[in-house]
1. Given the residues A:238, A:206, which is the only one that is farther than 26 Å from residue A:34 by Cβ and touching a strand residue (DSSP E or B) at 6+ places or on another chain (Cβ under 7 Å)?
2. Has the range B:103-114 got any residue that is part of a strand (DSSP E or B), touching a strand residue (DSSP E or B) at 6+ places or on another chain (Cβ under 6 Å) and crowded, with 24+ Cβ neighbours inside 10 Å?
3. Could you look through the range A:301-314, keep only residues that are in a loop (DSSP other than H, G, I, E, B) and either touching a helix residue (DSSP H, G or I) at 6+ places or on another chain (Cβ under 8 Å) or within 11 Å of another protein chain (Cβ to nearest Cβ) (or both), and pick out the one that is farthest from residue A:50 (Cα to Cα)?
4. Within the range B:83-98, can one find any residue that is at the interface with chain A (Cβ under 10 Å from one of its Cβ atoms), surrounded by 15 or more Cβ atoms within 10 Å (Cβ to Cβ) and either free of Cβ contacts under 8 Å to residues at least 12 places away in the same chain or within 20 Å of residue A:317 (Cα to Cα) (or both)?
5. Residue A:128 - would you say it is closer than 13 Å to residue A:60 by Cα and free of Cβ contacts under 8 Å to residues at least 24 places away in the same chain?
6. Conditions: (1) in contact with a strand residue (DSSP E or B) (Cβ under 7 Å, 6 or more places away or on another chain); (2) touching a residue at least 12 places away in the same chain (Cβ under 8 Å); (3) under 29 Å from residue B:311 (Cα atoms). Residue A:146 meets all but one. Number of the miss?
7. For the range B:271-300, give me the residue count where each residue is within 13 Å of chain A (Cβ to nearest Cβ) and within 18 Å of residue B:40 (Cα to Cα).
8. Residue check, residue A:56 against (1) at negative phi; (2) facing another protein chain (nearest Cβ under 9 Å), all met but one. Which one?
């Protein structure tokens, strides 16, 4: 997979770029909506295109369990199965094993866990995870990594880094399917020195792109920003740089500022299903009574399908009645917001005006000046 | 509201016709999808148009309680509120009061009931129900009627008919909003003699259309067919004829055969949400394990969005995972099926080939010959 930087903003490390997958090109910085169960909840593939989605993330852990990666392989792979013909990335399932499954026991060879659905016992090794991802057939796949719960002591972190490096090598040796790109994952918690050392190890293995893993998992935001600032610029400049599980505008903007290119998170879609929408003036919890008779669109400045056709009052009614259309309209709007945000970040970087856009966004969305 | 018969099939009483509402024309026979809470579950208005929906039914009882008819009036009426710009019909709420609410007590002036949502006490009278429906602003409104639970003894039925007639007169006197049409409702249980007598009373009041109420509520199908056969032809020929709450293909076809023009039911949408789809070869319960690896569309002969883009296996996976997209795709397909069925019934009647189509449909869908 070839990545090309197109422009770096004169005022920061924010950069625009482009890479091409077997299912089409991706312009970066890019946000990837999450389609855990081979569907982005409440959206059709056409809807996703309409809101500017370039690439989706789907979860190996979930698909492995239901409907099963072998079934998806027999159905022609994940693209065919879910009728998404654009680029796809699958995570390795490691993060979900550690966060969702029951009784997970890790050893140097892999991890044994019980399904969160039926309690059955399963085992992921680097080789097994690559096999599953070959069956799913995403354009970009991720190696099995070890993300210890934070905060973790130095010894635990060191052990997790050793494992993650060895597993990354084993994943590379196990091999991808035709045309699949494999990224490396950098761990190290919030310890900047460990992050940098591990980045060096992983980068020496020469992956198609690099990801910061194990962040945005509850650590203080200052720690997160510190790691991004200290690590992003050291990630190989000629490959896409990805920070996993990050999706709120503030963190995305800080990461782009320091040169990160790719993001994924359930943030906009989960917020939508809880009745909260993203607008230029910040978030609005539309399910609140104050919106019952509000005849304005979710965001008066937005031209998405939901905003062109429905009022806050109507959508609030649908939420209160638990109607499916509510979640469609709020999800549509929130993903459109994310698509627009990323397009604006790209535009600002192209125009060497990233920091100005950042300040303007913070003032409008958060009602205050950005940090620093 | 002007109704014009366009053609009556040479082989039966099946007829095609057309009436024009303030929100556009309706070609009959027509099936009205049900949008109980001011939304047809899992469908956008654009989706409804795509599957051939001409007119929607919405429920006065539900909207009165949530979000309230006054709120909808202030939002510009039901069309604006839900962004459905085509024809709309609201029922009177009577049927739901008797079937859904708790502690409902009826007297000659109206009915007092407790909300099924919060237990609060409410009262519907003919005048109140007309006021609510003026607030909602549908194109066609229905008078409050008394539908006793079946089977009912002669005395109960007689009393319900007396009330329904008096209430129909009071609704007519209360008046509709600008441009609204008011239909009359004929009751009488499964007693053909009572049905005919009541039809005479209601028809003498001169409504814009006539409906058979209190049917398809659990009575044997032979009784239902008997009432349709004995009553439909006696309903005024120069007005639309509507049978309320009927939606399965067999009953629709029998009713069209005898000259009925309008239908509504949650049948296709509710079936869809239970994972069952309507196909040319009958119903299929897609949630069943047999479809897990089925790479065919829901109905290989169907050209709807769902069938052009997704496999049974994928939709079955979405159903098992309880994903919103499942209910969108199955609802879309089932309403497309109903739209196609009604278009084919109209075409068959136009071509004097209604009975031939009926036989062919029964053989394909039910795998047997039609009754009689």
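1. Among A:238, A:206, only A:238 is farther than 26 Å from residue A:34 by Cβ and touching a strand residue (DSSP E or B) at 6+ places or on another chain (Cβ under 7 Å).
2. no
3. Ranking the candidates gives A:311 first.
4. yes
5. Yes, satisfied.
6. So residue A:146 meets the others, but not (3).
7. So the count comes out to 2.
8. Only one criterion is unmet by residue A:56, namely (2).
The values are calculated or read from the model by the stated rules, or taken from the named source; none is laboratory data. Remember, it's a predicted structure, so these values are computed and weren't measured experimentally. Note: ideal-geometry Cβ built from the backbone for every residue, glycine included; neighbour counts use all protein chains shown.
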